[in-house]
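Encoded as C-alpha cells, the structure appears first; notes follow it.
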C-alpha cells in the first residue's frame, strides 16, 4: 500500500495537490459555522438518575433549578422606590422573553428576603430557561443583552448555569484565537530551525491544515446528530499541529537521509514511505486507539474529545502519507533551500561524519547504560515525589469559578456565595412517580428528608418542613405546583456545597430514605448530578484503561515481537502520567505557581474529567514516541544482534527528532495556559509537561536504563507468540531501493 502511495505521489502529484487544495477550501467553507453548533456543557450522564429526574421536572412539572440569574445593584437600597420600580420592570421584561419558563424576583409577588443581599445593596432575579443544554444556551445568548447593563435605576449582571456555559463558550473561542496567535509565530521560527530550511518548514503546516480542517469537518457532521463540546476544539488545533510536525519530521528526515546517500527523488521517497511512513501508520493506530477509549464514557464532554482526536489522527495520517509525499515529489531536490543556518549545519555534519556515534543522544544512552541502576532508581524516585500530591486529589466539576474573575457569571456566583447565604448551597429536587402518594405519605416522606444533615428545608404540596416536622403550611397554589396526575416532587434547600464531601453524603442519605409505597424516587440537582457523574466515570474507567492496556500491549507486541517491552511501556507511561497528575494537583488544587499559569480561582478541587482526558490523550502521544524510538532500535538490533549498540544507535537516530517534535507540540499546549477557562489551563500545562517529561526523561533515561538491564530478554516471547509475530508482526528491515531490487534474483 505504501509503495502504491509513493507511486501515486510521484506520478499524480499535481492531481493529489489540486484535490487537496480544493478539498481544503471546500471543507473550510462548510465548517465555518461549526463553533456555533457546539456546546459548553456535557458533564452529565444522560441515563443517570439525576438526569432522568431533571427531565421529569422539566417536562411534567415545568420545574427545576433556576439556570439564569440576574444580579441587580441600584445606587442606593434595593427598597428605594426607583429601584423597586426598575426591579418590577426588569422582572416583567424577563417574563416576557421567549424560552423563559419561570421567574422569581425580589420585586415580584410574595417577595422573598432570601433574594436580598445581607447589606441590602443588591437583589436577585431568578429565572429558569426551558429546553435542553443547547436550547438553554441559545436562549441565554439571546436574552442576556436585553436584560443586563443599565436597566433604569439598576445595574444588572447575568450569571447562573446557562450564562456560565455561554460565557465559557465565548471566552474559550476568543482566548483560543489569542493562544494560536502566540504559538504560531514561535512555531514557525522553530520549524525553520528544526526542519533545516524554509521550504521544509512549510510541509508540516500543510499536513496540519489537512488535519485540523478535516477534524472540524468531523465535528460538524457529528454535531448534527449528537451534542459536541466546544472544548474539543482546544485539542483539535494543538494535537493537529503536533502530530503533523511529528509525522512530517520523521518522513522528511528519512527522505533527506536517502537523498544524502545519493538516491534520486523517486527512490528516496519510496524508501521513506516504506520505512518511516510505515512507522507513522503504526503510530497513528496507537494514538487512535488510545483516544477511542474516551468513547466508553457516557459524558458527551469526554466523548467530544474522542471525536476530535480521532478526526485529527486520521487526517494527520492522510496528510502525512498522501499529501506530504506529493509535496516532496513536487519539491524534489529543492527541499534544502532557504536555510539560514546552513553553515552551522554544515560544520556540525562534518564533525558528525568525522566522529560517528559521538552525538549527544548516543553519549547519553551510553552513559546511562554504563550505570543503569543508579539512573533508574534516581529518576523513579524523582517522579515518585511528583506523584505524592495526587494522593490528596479532590475532584469537582467546573462552575463559575473556572472563569476569570472579571467575567459576569463569575461575579454573580461570587456575590451569591458572599452576600446571599440562603442561596449559597445548591438545591436538591426529589421526584416521586408511579406510587400516587396521599397527603399523609407525602408529608411523612418530607419530614424524613428534612432530618438529613445538610438539608435546611423541604417544600412540597403539603407545606414546608424543617428538622423533622412541618414548619409552615402549604403556600397557595402548591398543589398545582408540586403534583400532577398523582406524581409529586419535593424541593430541598441545602446548605452543603454540591461538590463537597458533605454534599455527596447528603445525596447518599436522601437516596437512602424509603419513598412512599409503590413510588419511585429520583434525585436531581447539582449535588446529585455530580454524584452520578462520579459513578459513571468510575464505572467506565476500568473499561477505558483495559482498552488502552490491551491495545497497547497487542500493538507493541506486533511491532517488536516482545512481551516485555509492551509491559515496560505501560508501566513507565503510568509513572510519567501520575507524576503529571501530581503536579496538576500541586498547581491547580493547592494554588501554587500562579505566576506561571496566570491567575485563577482556587477552589481546592480539580476538574474530575481532566485526569481521564489527559490519561487517554497523553498515553496515545507517549506511544507515538515509543513507536518511533523502538522502530530504529529494533532495526539496529535486527542488523547487529547487539542490544547495547541497538539502543544507543536507535536513540542517536531518533532522540533529536523526538525531543524537537515534543518541544514543538508542547508550545501549542503551553499556549493554552493563556486561556481564561481553568480546565483548559490544566489540559495545556499538564499535556505540555507530560510530553516533555516523556520525550526527555522517559525516552532519554529510563528506556535505555531498562533495556540495558533486560538485555536480550527485551526481545523474548514464548514460542507460540514468537511464531505469531513471525506471521503477523511488523517488519523492521529496510527494503532495497527499486534499482537495487531490480538486480536481485526473482524468488522461485
Task: Rounded FRET efficiency, nearest 0.05, which uses the C-beta distance separating residue 721 from residue 373 and R0 of 30 Å - done: 0.55
TODO: Using only the Cα atoms of region 507-644, build the gyration tensor, take square roots of its eigenvalues as a ≥ b ≥ c, and label the shape rounded, prolate or oblate: rounded if a/c is under 1.5, else prolate if a/b is larger than b/c, else oblate.
DONE: oblate
Open item on the list: What distance in nm separates the two pseudo spin-label positions at residue 406 and residue 24, each 7 Å out from Cα along the beta-carbon direction?
Closed with: 3.7 nm
Task: Alpha-carbon Rg/Rh ratio, for region 1-122, with Rh computed the Kirkwood way - done: 1.36
Task: residue 549 paired with residue 261, simple spin-label distance in nm, labels 7 Å along Cα-to-beta-carbon - done: 4.1 nm
Task: Rounded tilt (10° steps) of 13-30 against the dominant C-alpha axis of the chain - done: 10 degrees
- [ ] Subtracting the Cα-Cα distance from 0.36 nm times the residue separation, let me have the gained length for residue 85 to residue 638 in nm, one decimal.
- [x] 190.5 nm
TODO: Would you mind giving the average projected area, over all directions, of the Cα convex hull of region 254-310 in nm² with one decimal?
DONE: 4.4 nm²
Open item on the list: So, R0 is 51 Å and r is the distance between the beta-carbons of residue 92 and residue 393; what FRET efficiency does that work out to, to 0.05?
Closed with: 0.60
TODO: Grab the Cα-Cα distance for residue 102 and residue 47, subtract it from 0.36 nm times how many residues apart they are, and report the gain in nm with one decimal.
DONE: 17.2 nm
Task: Rel. contact order, % - alpha carbon contacts under 8 angstrom, at least six apart, the chain - done: 18 percent
Task: C-alpha long axis of helix 526-560 to longest principal axis of the chain, angle in ° - done: 10 degrees
Task: Quarter of the Cα convex hull surface for region 2-64, i.e. its orientation-mean projected area (nm²) - done: 8.4 nm²
Task: Pairwise FRET efficiency - residue 440 versus residue 508, Cβ, R0 = 30 Å, nearest 0.05 - done: 0.70
TODO: Give me 694, 406, 175 ranked fewest to most by other Cβ atoms within 10 Å of their Cβ, as a rough exposure proxy.
DONE: 406, 175, 694
Open item on the list: Students often get this wrong, so try it: which of (i) 0.98; (ii) 1.17; (iii) 1.05 is Rg/Rh (Cα atoms, Kirkwood Rh) as calculated from the structure shown?
Closed with: (iii)
Task: Ranked 236, 520, 551, 177, criterion: other C-beta atoms within 10 Å, fewest first - done: 177, 520, 551, 236
Task: Contact order normalised by residue count of region 459-604, Cα under 8 Å, 6+ apart, percent - done: 11 percent
- [ ] Rounded to whole Å and ordered largest first, report the semi-axes of the equivalent ellipsoid of region 266-345 derived from its Cα gyration tensor (root of 5λ).
- [x] 35, 15, 11
Task: Ratio Rg/Rh [Cα only; Rh per Kirkwood] for region 67-159 - done: 0.96
- [ ] Rounded to the nearest 500, what is the 222 nm mean residue ellipticity of the chain from helices alone, with -39500 (n - 2.57) per DSSP H run of 4+ residues and division by all residues?
- [x] -20000 deg cm²/dmol
Open item on the list: So for each of 396-402, 433-439 I average, over its residues, the number of other beta carbons within 10 Å; can you give me the resulting order with the highest mean first?
Closed with: 396-402, 433-439
Task: Principal-axis tilt of helix 198-223 within the chain, Cα atoms, nearest 10 degrees - done: 40 degrees
Open item on the list: Need one number for region 613-674: average projected area of the convex hull over its C-alpha atoms, nm².
Closed with: 4.7 nm²
TODO: Normalise the Debye intensity by I(0) for region 420-531, one equal point scatterer per Cα, no solvent, then take log10 at q = 0.10, 0.19, 0.21 Å⁻¹ and round to two decimals.
DONE: -0.25, -0.92, -1.11
- [ ] With an 8 Å cut-off on Cα pairs and a minimum separation of 6 or more residues, tell me the relative contact order of region 420-531 in percent.
- [x] 40 percent
- [ ] In vacuum, with every alpha carbon of region 165-314 counted as one equal point scatterer, what does the Debye formula give for log10 I(q)/I(0) at q = 0.10, 0.16, 0.18, 0.21 Å⁻¹? Two decimals, please.
- [x] -0.42, -0.93, -1.08, -1.29
Open item on the list: Counting other beta carbons within 10 Å of each residue's own, what order do 176, 285, 386 fall into, fewest first?
Closed with: 285, 386, 176
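We did not get these values from a lab; they are worked out from the coordinates using the rules stated. Since the model is a prediction, treat every value here as computed from it, not as a measurement. Every residue, glycine among them, receives a Cβ derived from its backbone with ideal geometry; neighbour counts consider all protein chains shown.
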